[in-house]
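A.B. asks: Please see the structure below; I have some questions.
The values are calculated or read from the model by the stated rules, or taken from the named source; none is laboratory data. Only a predicted model underlies this, so the values are computations on that prediction, with no experimental measurement involved. Cβ sites come from the backbone with ideal geometry, for glycine too, and all protein chains shown count toward neighbours.
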Amino acid sequence: MDKSKKRRLIYRIAALAVVLLIAAAMFVIGRGHTVYFDNKMPENVGTEVNVPYKIEVVVAGKSVAKLKSGERGMADTMGQNFNMQLLVTKEKGEDPTRLQVGLTLPYSMDGIIINLPALLSGLDESAYLSEFVYVPSAEEMKDEEVITDDTDNQMNFEG
Amino acid sequence: MKNKSIGDYLRRFSVPIMFVIICLICAPISGLSPNYLINEIVTRIGRNAFLILSLLIPIMAGMGLNFSMTLGAMAGEIGLILVSDWQIVGIPGMILAMIVSIPISALLGLFCGKVLNMAKGREMITSYIISFFINGIYQLVVLYLMGPVIPIAHSTIKLPRGYGIRNTVSLLSMRQRLDNLIPLNIMGVKIPVATFIVIFLLCLVIIWFRKTKLGQDMRAVGQDMEVSKDAGIDVERTRIISMILSTVFAGIGMIIYLQNMGNIATYSSHSQIGMFCIAALLVGGASVDKASIGNVFLGIILFHTMFIVAPKAGTVITGDSMIGEYFRVFVSYAVITIALIMYETNKRKNKSKAGMQLALAQEQEEANG
């Protein structure tokens, strides 16, 4: 192989490597998650935790949920690092306390439930973080007729 | 170039002039506010320009209007379907979809280029039929192979029967992310700055490409294949490269188009895209053998202004919005038909002119001899 051909091959391999690296980076930084916030008593943790009167969740400067006791909110996020600000009002009429929380979200989960009272109580990750399993509704599971041709049924000249 | 009469110019620009007149008549009748109209046109420039620009390279190489740009559009859709299932969102999702679509587009462009080399002189009809053929394969892949062979995990994308893709795939997670990346609002008109930057970059690439050795070869091939061959240009390779580039750009353009729309009509998004892009380019004053970047933008403005105002004007005049719908579809096809007729007429005229000149030269030679 002469020099110019060798050089061209090296350039091509380098370009391919760069594209693959960009693709890998997109896989990591672009992974979308839906994060659900629960302000309710966590299940199966064995200990009692205090459920605050109200928690306001602020993500990227935007208030995404104002949760009273027993309520659930949600936010869409991108990437594995999730930062939020919690404005926790323990009892009605009290001033809220501001808390900055940073979490690493598991890559494999599309929907993630964060139990805020368990998180605030300092319990294990297994106590405050669980997977949200999406269950399609009956409407979504109805058989869908696929239309692949715009002229479908228009070329039938019988009757 | 020299001694062109007003009649020649009128004939050359008859289609854009006709569209300017249609738009000028329909716009006031439609009753749409100028602000709404400008907003819609700016959005549609961002949505369509990249796709239409992808048509320029095959025209440069003398392969006419690339009806097989649909192949690239299908590759772009496959990229978006996979990325949606992998839950990669936003701009990274778009970039990944482009990376996935590029090899598929390149392979389809290679195949198309090879077939078109076997059908020289009949490129447009061949590329049109190829798009139907590949559409069949696309349906096979999307309807039967996605699920059992190509893993698709999410029930929101997969058909309830367990394989195949739903009629509509939501792109909510990347809807208008590129358009809104750099937000700019001028007097109530939303400008998709980032999309315009991407389009501008493609324009620069096309301008630069024309000046490269390959670009010059393409223009030479477009003017005369035999002379180019004699000059040592690998004509077939040059034509294949032009098809690959066009298909790859069409794939990227389709991703930009669909991020603006916010969903994929899995089995129909691509089917009409070639037709409407070609019609827009022709409305801008392009012809089968000559097109410029200016034609692209003028075409989008005129064609889409007509698209926006015609149904409304139709409703006002006849009380039935469908009249306007029929009108715009009829005009799209009519424009393509007129362009093809004009191309054939000019080709025959030039041929007979050349024949007459040759006969005259022979007569003179005989008289002198």
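A.B. asks: Does A:Val146 satisfy being modelled with pLDDT under 95, surrounded by 15 or more Cβ atoms within 10 Å (Cβ to Cβ) and within 14 Å of chain B (Cβ to nearest Cβ)?
C.D. replies: For A:Val146, the condition - modelled with pLDDT under 95, surrounded by 15 or more Cβ atoms within 10 Å (Cβ to Cβ) and within 14 Å of chain B (Cβ to nearest Cβ) - is met.
A.B. asks: Hey, another quick one. Limited to segment A:58-97, what total is found for residues that are more than 14 Å from the chain's Cα centre (by Cα) and in a loop (DSSP other than H, G, I, E, B)?
C.D. replies: 11
A.B. asks: Hey, another quick one. Considering every residue within segment B:108-116, establish whether at least one is away from chain A (no Cβ under 14 Å), farther than 21 Å from A:Ala25 by Cα and among the charged types (D, E, K, R).
C.D. replies: Yes, there is a match, as at least one residue in segment B:108-116 is away from chain A (no Cβ under 14 Å), farther than 21 Å from A:Ala25 by Cα and among the charged types (D, E, K, R).
A.B. asks: Checking B:Arg175 against (1) over 21 Å from B:Tyr36 (Cα atoms); (2) of a type in the set (D, E, K, R); (3) surrounded by 14 or more Cβ atoms within 10 Å (Cβ to Cβ): exactly one of these is not met. Which one?
C.D. replies: (1) is the only condition that B:Arg175 fails.
A.B. asks: Could I ask something else about it? Residues of segment B:208-218 being surrounded by 16 or more Cβ atoms within 10 Å (Cβ to Cβ) and within 26 Å of B:Arg44 (Cα to Cα), which ones?
C.D. replies: Selection gives B:Phe209 alone.
A.B. asks: Given the structure, is A:Lys54 away from chain B (no Cβ under 14 Å) and touching a Pro at 6+ places or on another chain (Cβ under 8 Å)?
C.D. replies: yes
A.B. asks: Hey, another quick one. Only residues in segment B:131-142 that are touching a residue at least 24 places away in the same chain (Cβ under 8 Å) count as the first member; pair them with residues that are charged (D, E, K, R) and assigned to a helix (DSSP H, G or I), Cβ under 9 angstrom, at least 6 apart or cross-chain, and list the lot.
C.D. replies: Listed pairs, sorted by first residue: B:Tyr138/B:Glu77; B:Val142/B:Glu77.
A.B. asks: May I ask you to say which residue of A:Met26, A:Met1 is outside the structural domain of A:Ser126 (by TED's automatic domain parsing), free of Cβ contacts under 8 Å to residues at least 12 places away in the same chain and in contact with a strand residue (DSSP E or B) (Cβ under 7 Å, 6 or more places away or on another chain)?
C.D. replies: One residue alone meets the criteria, A:Met26.
A.B. asks: Can you tell me which residue within segment B:246-269, out of those that are of a type in the set (Ser, Thr, Tyr) and more than 14 Å from chain A (Cβ to nearest Cβ), is nearest to B:Pro92 (Cα to Cα)?
C.D. replies: Restricting to residues being of a type in the set (Ser, Thr, Tyr) and more than 14 Å from chain A (Cβ to nearest Cβ), the top hit is B:Tyr257.
A.B. asks: When you check B:Leu10 against the structure, is it touching a helix residue (DSSP H, G or I) at 6+ places or on another chain (Cβ under 8 Å), under 24 Å from B:Ile137 (Cβ atoms) and among the aliphatic types (A, V, I, L, M), yes or no?
C.D. replies: When the stated conditions are applied, B:Leu10 does not pass them.
A.B. asks: Is segment B:117-127 home to any residue that is under 27 Å from B:Arg175 (Cα atoms), in contact with an Asp or Glu (Cβ under 6 Å, 6 or more places away or on another chain) and surrounded by fewer than 24 Cβ atoms within 10 Å (Cβ to Cβ)?
C.D. replies: Checked segment B:117-127: no residue is under 27 Å from B:Arg175 (Cα atoms), in contact with an Asp or Glu (Cβ under 6 Å, 6 or more places away or on another chain) and surrounded by fewer than 24 Cβ atoms within 10 Å (Cβ to Cβ).
A.B. asks: If you don't mind, there's one more thing I want to ask. Restricting to segment A:12-43, count the residues that are in contact with a Pro (Cβ under 9 Å, 6 or more places away or on another chain) and either in a helix (DSSP H, G or I) or away from every other protein chain (no Cβ under 13 Å) (or both).
C.D. replies: Residues flagged as in contact with a Pro (Cβ under 9 Å, 6 or more places away or on another chain) and either in a helix (DSSP H, G or I) or away from every other protein chain (no Cβ under 13 Å) (or both) within segment A:12-43 amount to 10.
A.B. asks: Can you go through B:Val205, B:Val227, B:Val221 and tell me which one is part of a helix (DSSP H, G or I), over 20 Å from the mean Cα position of the chain (by Cα), of a type in the set (A, V, I, L, M, F, W, C) and surrounded by fewer than 17 Cβ atoms within 10 Å (Cβ to Cβ)?
C.D. replies: B:Val227
A.B. asks: Give me the helices (runs of 4 or more DSSP H) completely within segment B:29-95, filtered to those with at least 3 residues that are out of contact with any Asp or Glu (no Cβ under 8 Å at 6 or more places or on another chain) and of a type in the set (Val, Ile, Thr), ordered by residue number.
C.D. replies: B:34-53, B:69-85
Every residue, every condition in (1) of a type in the set (Asp, Glu); (2) closer than 20 Å to B:Val83 by Cα, yes or no:
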| site | (1), (2) |
| --- | --- |
| A:Leu20 | no, yes |
| A:Lys54 | no, no |
| A:Asp76 | yes, yes |
| A:Val88 | no, no |
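A.B. asks: Is there a residue being of a type outside the set (Lys, Arg), crowded, with 18+ Cβ neighbours inside 10 Å and in contact (Cβ under 8 Å) with a residue 12 or more places away in the chain anywhere in segment B:180-190?
C.D. replies: No, segment B:180-190 contains no residue that is of a type outside the set (Lys, Arg), crowded, with 18+ Cβ neighbours inside 10 Å and in contact (Cβ under 8 Å) with a residue 12 or more places away in the chain.
A.B. asks: Please find, among B:Pro28, B:Pro103, B:Pro92, the residue that is surrounded by fewer than 16 Cβ atoms within 10 Å (Cβ to Cβ) and within 14 Å of chain A (Cβ to nearest Cβ).
C.D. replies: B:Pro103
A.B. asks: So how many residues does segment B:131-177 have that are assigned to a strand (DSSP E or B), within 11 Å of another protein chain (Cβ to nearest Cβ) and touching a helix residue (DSSP H, G or I) at 6+ places or on another chain (Cβ under 9 Å)?
C.D. replies: Adding up the residues that qualify gives 2.
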